[in-house]
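Q: Let me begin by handing over the structure; questions about it come next.
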Amino acid sequence: MSQYRVRSTGEVKNQGEIRRDNPNVSLPRVWNDNVNEALGIDPVLIAPSPELSGDYKVAVRNGVEQDANGNWVYAWTEQDMFQDYTDEDGNTVTAQDQIDEYEARQLANKREKMVVTMRQARLALSQAGKLSMVDDAIAVMDEPDKTAVSIEWEYGSTVERVSPWIDAMATALDMTGAEMDALFDDAKEL
């Protein structure tokens with residue numbers, strides 16, 4: 001939506017607001033420099049948000065400013081993505097608590113999308129030197145997990161990172177969650 005800076009007040013308004021401010025003026029559908037001059041407004045151009053200085057920072061619109069060419073453009077300010085606050089129960093929620101929750105959600109979303117074919121999984125396990133360990137790991141599992149995992153391993157066509165048996169298999173193969181994530185990333189390329 002187009003925005004304009006009113007020269008007399010410095011306010012930033014959209015076309016609809018300017019039309020409402022000028023009810024007795026017939027305005028064309030497309031505004032050009034002549035219309036802008038008659039209304040005493042300057043178009044505000046979209047300026048890209050700045051490079052952020054670090055993780056967990058966001059760029060927030062902060063009015064308008066003139067660029068080197070004299071055009072009015074979006075002004076930006078950088079803020080922390082997370083700040084300490086007190087919840088409705090009176091508990092302090094720290095920025096670090098929020099960062100941890102955010103990262104956990106990001107990881108969960110990433111893992112939801114990690115799906116590979118059984119061929120890719122077997123090739124990745126082979127390259128990691130873990131393929132021969134899978135049957136042994138399944139053999140020592142307790143029932144009913146042993147049967148379920150065995151069926152998944154032998155007859156499944158795809159493997160989802162979020163499948164419950166994947167975490168059990170990671171433990172049996174002496175792999176961390178991050179190592180299993182890396183294995184899925186590698187498998188996608190095979």
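Q: Can you tell me the 0 to 90 degree angle between the C-alpha axis of helix 177-188 and the longest principal axis of the chain, rounded to 10?
A: Once rounded, the angle reads 80 degrees.
Q: Suppose we take every Cα in the chain and form the convex hull; what volume per residue is that in Å³?
A: Measuring per residue, one finds 263 Å³ for the Cα hull of the chain.
Q: Scaled to the compact-protein estimate 2.2 N^0.38 Å, what is the alpha-carbon radius of gyration of region 126-170, rounded to two decimal places?
A: Compared with the compact-globule rule of thumb, region 126-170 sits at 1.10.
Q: Moving on to the next point. Restricting to DSSP H runs of at least four residues, report the calculated mean residue ellipticity at 222 nm for the chain, -39500 (n - 2.57) per run over all residues, nearest 500 deg cm²/dmol.
A: For the chain, the value works out to -13000 deg cm²/dmol.
Q: Provide the per-residue ³J(HN,Hα) series for region 109-116, in order, calculated from phi with Karplus coefficients 6.51, -1.76, 1.60 and θ = phi - 60°, each as a whole number of Hz, with x at glycine and proline positions.
A: Karplus values, whole Hz, x for Gly and Pro: 5, 5, 5, 4, 8, 8, 9, 10.
Q: Hey, can you find the accessible area per residue of the chain for me, probe 1.4 Å, expressed in square angstrom?
A: That works out to 66 Å² per residue.
Q: Shifting gears a bit: Using a/c under 1.5 as the rounded threshold, could you call region 143-189 rounded, prolate or oblate? The axes a ≥ b ≥ c are square roots of the C-alpha gyration tensor eigenvalues, and prolate needs a/b larger than b/c, oblate otherwise. Walk me through the intermediate numbers first.
A: Details: a/c = 2.56, a/b = 1.36, b/c = 1.89.
It comes out oblate by the Cα gyration axes.
Q: Zone of VAL30 (label point 7 Å along Cα→Cβ, backbone N under 20 Å): which residues in region 3-22?
A: From region 3-22, the list is 3-4, 15-16, 19.
Q: Among the GluC sites (Glu not before Pro) within region 61-151, which fall in a DSSP loop and have no more than 15 other Cβ atoms within 10 Å of their own Cβ?
A: GLU88
Q: For region 1-51, what's the radius of gyration and Dmax over Cα atoms, in angstrom?
A: Both quantities, over Cα of region 1-51: 11.8, 44 Å.
Q: Let me ask something else. Work out which trypsin sites (Lys or Arg not before Pro) in the chain are exposed loop sites (DSSP not H, G, I, E or B, at most 13 other Cβ within 10 Å) and give the longest gap free of them.
A: Result for the longest clean stretch: 30-112.
Q: In whole Hz, what ³J(HN,Hα) sequence does region 59-64 give by Karplus (6.51, -1.76, 1.60; θ = phi - 60°), x for Gly and Pro?
A: 9, 10, 4, 9, x, 9
Q: Continuing with this model, one more query. Mind pulling the angle between the C-alpha long axis of helix 118-127 and the longest principal axis of the chain? Nearest 10 degrees, somewhere in 0 to 90.
A: Here the helix axis deviates by roughly 80 degrees.
The values are calculated or read from the model by the stated rules, or taken from the named source; none is laboratory data. Values in this document were obtained by computation on a predicted structure and should not be read as measured data. Counting neighbours? That spans all protein chains shown, and the Cβs are built from the backbone with ideal geometry, glycine included. What goes into the accessible areas is simple: the full protein's heavy atoms, side chains included, and nothing from ligands, DNA or RNA. Shrake-Rupley method; radii C 1.70, N 1.55, O 1.52, S 1.80 Å.
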